[in-house]
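Trainee: Take a look at the following structure, please.
Derivation of every value follows stated rules applied to the coordinates shown; laboratory data play no part. Treat the numbers as computed from the prediction; the structure is a model and nothing was measured. Ideal geometry is used to build each Cβ from the backbone, glycine not excepted, and the neighbour counts take in all protein chains shown.
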Amino acid sequence: MKELSRFGVKQYPDAVITGFSENSLTIEATVPKTREQKKRERETGVTEPEKRERFTLPCDTVVSAIGSVPNDALYESVKADFPVTHKLGDAVAVGGIPAAIAQAIALAEAL
Ligand SMILES: Cc1cc2nc3c(=O)[nH]c(=O)nc-3n(C[C@H](O)[C@H](O)[C@H](O)COP(=O)(O)OP(=O)(O)OC[C@H]3O[C@@H](n4cnc5c(N)ncnc54)[C@H](O)[C@@H]3O)c2cc1C
């Protein structure tokens, strides 16, 4: 994420594609909070509401990287030589870090 910022890559959090044409994409995204807003929030302890805005992005190519599927190829190949092999985390179902850690703890306790 730091590298993306360093190279000035524009980021549109929670973006939803609302339309596209031959040379542009229209999205609705959360407007990132400014440093001043974040400072104000820290000082007052009051979280300001997020703002959604519509953006039209000129483009000639759209690469879609939406969605993930489990990949258990490593598990399957290890299991061939080690019958007592356990599969957990994203190899079972794509989730998040807390779920993967919880599964690892449960397995460690069971072992
Ligand atoms: C871009 C992105 C952002 C994410 N952001 C968040 C987030 O903010 N919060 C959150 O909770 N989750 C997030 N996730 C999901 C989270 O990363 C995964 O759910 C979590 O890492 C799953 O843990 P895991 O141990 O199952 O798999 P991984 O963390 O993917 O670990 C699998 C490891 O196995 C290694 N490996 C694979 N094949 C082989 C092989 N043949 N030989 C040796 N090593 C191998 C890989 O290199 C990797 O290190 C994000 C995922 C992505 C892709």
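Trainee: Using square roots of five times the C-alpha gyration tensor eigenvalues, list the equivalent-ellipsoid semi-axes of the chain in whole Å, biggest first.
Mentor: 39, 24, 12
Trainee: Taking θ = phi - 60°, what integer Hz values does the Karplus form 6.51 cos²θ - 1.76 cosθ + 1.60 yield along region 61-69, in sequence order, with x for Gly and Pro?
Mentor: Those phi angles translate into 9, 10, 9, 8, 10, 9, x, 9, 10 Hz.
Trainee: Next question. Where the only charges are on Cβ atoms (+1 Lys, Arg; -1 Asp, Glu), what is the dipole of the chain about its Cα centre, to the nearest 20 debye?
Mentor: 540
Trainee: For region 2-58, what are the per-bin percents of Cα-Cα distances with bins 10 Å wide, up to the bin holding the maximum?
Mentor: Result returned by the calculation: 21, 37, 33, 9, 1.
Trainee: Which stretch or stretches of region 34-77 have amide N atoms under 16 Å from the point lying 7 Å from Ser21's Cα along the Cα→Cβ direction?
Mentor: What the label zone holds, given the 16 Å backbone N cut-off, is 55-61.
Trainee: Continuing with the same structure: Which residues does a label at Arg54 reach in region 23-47, if reach means a backbone N under 16 Å from a point 7 Å past the Cα toward the Cβ?
Mentor: Once the point is set 7 Å along Cα→Cβ of Arg54, 24-31 turn out to lie under 16 Å by backbone N, inside region 23-47.
Trainee: By Kyte-Doolittle mean hydropathy of at least -0.5 and Cα axial length of at least 18 Å, which whole DSSP H helices of the chain are selected?
Mentor: 97-110
Trainee: Follow-up. Considering only DSSP beta bridges whose two residues both sit in region 2-58, what percent are antiparallel, to the nearest 5?
Mentor: 100
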